[in-house]
Amino acid sequence: MAALEKLDAMDGAGDRTTERAARHLVQPWPTAGQIGAEARTYIASGDGIYITGADGERLIDGPAGMWCVNVGHRRAELADVMRDQAMELSYNTPWYTMNEPSVALSERLAAHAPGDLNHVFYTTGGSSAVETALRFMQFYNNVRGRPEKKMVLSRQGAYHGSTYLSGSLNGRPRDRDWMDGADGMVVKLSSPNPFRRPAGTSVAAFSDFLVEEFRETVARIGAERIGAFIAEPIQASGGVIVPPDDYLPRIAQICRDNDILYISDEVVTAFGRVGEVFASQDVFGVEPDMITFAKGVTSGYFPLGGVMMSDRLFETLRRSNHPDAMFAHGLTYSSHPVGCAVALKNLDLLEGGILDHAREVGPYFQQRLKTLEELPLVGEVRGLGLMACIECVADRDSMNPLKLDNEVGKRIDRHCQELGLLVRPLINMCVMSPPLVISREQIDDMVVILREGISRTMDDLRREGLWKG
């Protein structure tokens, strides 16, 4: 087929897919006015760090899918393993059978996990991983004879999932405006966002404030009622919030002193996003009681998540007076043989050079994106490793987000797509988390497009009278 004919065919396919989606496909996070009648950007294929849309034009996949396509698109190694495992064993029930890939993966993950986190419960993704960790905390305290010890401490700006319990932990703007949750069991603490700290406050003093707030909250509620604290090492969907250096270790110590389980939500930060398989201890100096993971464990090629669990927790249960107490929690697709086989090969790729590459280009990625702070619309560029956020503000002095145009992120994304880059728009922020295989030259391309996309957005806002600059 000639190039022009191929392009026309792709255009037609994209249009037809858009029409069918608007008739039948319910998208995540829809508004009531569009629910069940919405179509979004059509993606036809992917290759390396790029995706191809309906018009045949190639875009840099800035969000790596959804923080997950860590080893890049179109990896034949993962596709081959998926097929081979499906032909060998496509499924087995985890209730009374097991498979070799899940056992082998558990051994590999335990070798990477900090401390005594030597056990894995597999789930289908991040939400079900967090839900599992919370339900295990409840079971753990019930068996110990502490049924009142169930409260969970979370934070403003957090995102932990979409199931009932995990969604109840979320602290991002708009996530809970119209949704119910288990509000009676969750207490939200301040976001550890240094960019939004009170004027005149040093980062060290801000960290002291956060720690004291945590200590006072434990004293007010009572440690005997608090079962767990859950935290993303970096608040990802909350705007890539990197906390003060000493904050998480100090919070972990308070948790240990008060018999509060520390759950590290590494659904985003694990599997190379900040250069390590698990970031909790190696990057942030924390040895948690549980680690939740998903996304990068298979680089998005198969739905898989899990919870790393401490030996100490299991030993406590085995010593209890209730040996017949059952953790009545499971998923049809726990320990799925295809997913675990893909994860094993994904780990091979990460350990075979991609982790080293991510550590090498991560500082360059941060350095190049930081140059965007030269633009008057950009308040801060922040991040770590290969995850970053460009936060736009109306007024650098007050650091107020844009109040007249809360859709500025979508405007930047629209311009960037025209220029060859897909971004993740979050109100007044743009989040970037490209595949870990991105090169320095491709990082340069990304920054050039972002600079032009933001510049065009500034022109739009001035022209429409929404911003003076």
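The values are calculated or read from the model by the stated rules, or taken from the named source; none is laboratory data. Fair warning: this is a prediction, and the values are worked out from it, not measured in the lab. Cβ placement follows ideal geometry from the backbone for every residue including glycine, while neighbour counts extend to all protein chains displayed. The accessibility values were calculated without ligands, DNA or RNA, using every heavy atom of the protein model including side chains. Shrake-Rupley method; radii C 1.70, N 1.55, O 1.52, S 1.80 Å.
Here the stretch 47-57 is the region considered, the condition is being assigned to a strand (DSSP E or B) and modelled with pLDDT of 95 or more, and the residue that is most open to solvent (accessible area, probe 1.4 Å) is Asp47. Taking the criterion of being touching a residue at least 24 places away in the same chain (Cβ under 8 Å), among the acidic types (Asp, Glu) and either within 21 Å of Cys389 (Cα to Cα) or out of contact with any His (no Cβ under 7 Å at 6 or more places or on another chain) (or both), the residues of the stretch 31-70 that qualify are Asp55, Glu57, Asp61.
Check whether at least one residue in the stretch 70-86 is touching a strand residue (DSSP E or B) at 6+ places or on another chain (Cβ under 7 Å) and open to solvent by less than 10 Å² (accessible area, probe 1.4 Å), and report yes or no. Yes - at least one qualifying residue is present in the stretch 70-86. Val267 falls short of the stated requirement of being at pLDDT 95 or above, outside any loop (DSSP other than H, G, I, E, B) and either under 24 Å from Ser127 (Cα atoms) or out of contact with any strand residue (DSSP E or B) (no Cβ under 9 Å at 6 or more places or on another chain) (or both). Close Cβ contacts (under 7 Å, 6 or more residues apart or on different chains) running from residues in the stretch 369-385 that are β-branched (Val, Ile, Thr) to residues that are open to solvent by 20 Å² or more (accessible area, probe 1.4 Å) comprise Val381/Lys370; Val381/Glu373.
Every residue in the stretch 210-256 that is part of a strand (DSSP E or B) and in contact with an Asp or Glu (Cβ under 7 Å, 6 or more places away or on another chain), please. Hits for the stretch 210-256 are Ile230, Ala231.
Yes or no, residue by residue, for (1) modelled with pLDDT of 95 or more; (2) open to solvent by less than 10 Å² (accessible area, probe 1.4 Å); (3) part of a strand (DSSP E or B):
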position	(1), (2), (3)
Ser320	no, no, no
Ala328	yes, no, no
Phe365	yes, yes, no
Lys370	yes, no, no
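Does any residue of the stretch 212-231 turn out to be at pLDDT 95 or above, under 21 Å from Ala294 (Cβ atoms), hydrophobic (A, V, I, L, M, F, W, C) and out of contact with any strand residue (DSSP E or B) (no Cβ under 6 Å at 6 or more places or on another chain)? Yes, the stretch 212-231 contains at least one residue that is at pLDDT 95 or above, under 21 Å from Ala294 (Cβ atoms), hydrophobic (A, V, I, L, M, F, W, C) and out of contact with any strand residue (DSSP E or B) (no Cβ under 6 Å at 6 or more places or on another chain).
Step by step: first the residues of the stretch 186-236, then only those that are of a type in the set (Phe, Trp, Tyr) and open to solvent by less than 20 Å² (accessible area, probe 1.4 Å), then the one that is farthest from Arg256 (Cα to Cα). Which residue is that? It would help to see each step written out before you state the result.
Of the residues in the stretch 186-236, the ones of a type in the set (Phe, Trp, Tyr) are 195, 206, 209, 214, 229.
Those still in the list that are open to solvent by less than 20 Å² (accessible area, probe 1.4 Å) too: 206, 214, 229.
Details: Phe206: 22, Phe214: 13, Phe229: 11 Å.
Of everything passing the filter in the stretch 186-236, Phe206 is farthest from Arg256 (Cα to Cα).
Filtering Arg250, Arg256 for residues that are more than 23 Å from Asn118 (Cβ to Cβ) and at pLDDT 95 or above leaves a single hit, Arg250. Looking at this structure, is Gly339 of a type in the set (Gly, Ala, Ser), modelled with pLDDT of 95 or more and open to solvent by 60 Å² or more (accessible area, probe 1.4 Å)? Spelling it out, it is not the case that Gly339 is of a type in the set (Gly, Ala, Ser), modelled with pLDDT of 95 or more and open to solvent by 60 Å² or more (accessible area, probe 1.4 Å).
Would the stretch 350-368 turn up any residue that is polar (S, T, N, Q) and either in contact with a His (Cβ under 9 Å, 6 or more places away or on another chain) or under 24 Å from Phe136 (Cα atoms) (or both)?
Start the filter on the stretch 350-368 by keeping residues that are polar (S, T, N, Q), which leaves 366-367.
Subsequent filtering for residues that are either in contact with a His (Cβ under 9 Å, 6 or more places away or on another chain) or under 24 Å from Phe136 (Cα atoms) (or both) retains none.
No, the conditions are met nowhere in the stretch 350-368.
Listed conditions (1) closer than 30 Å to Met87 by Cβ; (2) free of Cβ contacts under 8 Å to residues at least 12 places away in the same chain; (3) of a type outside the set (Asp, Glu); (4) in a loop (DSSP other than H, G, I, E, B) are all met by Val277, apart from (2).
Hey, can you tell me all the residues within the stretch 124-156 that are touching a Pro at 6+ places or on another chain (Cβ under 9 Å) and open to solvent by less than 10 Å² (accessible area, probe 1.4 Å)? The answer is Asn141, Arg155.
Name the residue, out of Asp311, Asp265, that is surrounded by 24 or more Cβ atoms within 10 Å (Cβ to Cβ), touching a residue at least 40 places away in the same chain (Cβ under 8 Å), in contact with an Asp or Glu (Cβ under 6 Å, 6 or more places away or on another chain) and not aromatic (Phe, Trp, Tyr).
Working: Asp311 fails: surrounded by 24 or more Cβ atoms within 10 Å (Cβ to Cβ).
Of Asp311, Asp265, the one residue that is surrounded by 24 or more Cβ atoms within 10 Å (Cβ to Cβ), touching a residue at least 40 places away in the same chain (Cβ under 8 Å), in contact with an Asp or Glu (Cβ under 6 Å, 6 or more places away or on another chain) and not aromatic (Phe, Trp, Tyr) is Asp265.
Here Leu355 passes the criteria (1) in a helix (DSSP H, G or I); (2) in contact (Cβ under 8 Å) with a residue 60 or more places away in the chain; (3) surrounded by 21 or more Cβ atoms within 10 Å (Cβ to Cβ); (4) under 20 Å from the mean Cα position of the chain (by Cα) except the one numbered (3).
The lone criterion from (1) touching a Pro at 6+ places or on another chain (Cβ under 7 Å); (2) over 25 Å from Gly53 (Cβ atoms) left unmet by Asp397 is number (1).
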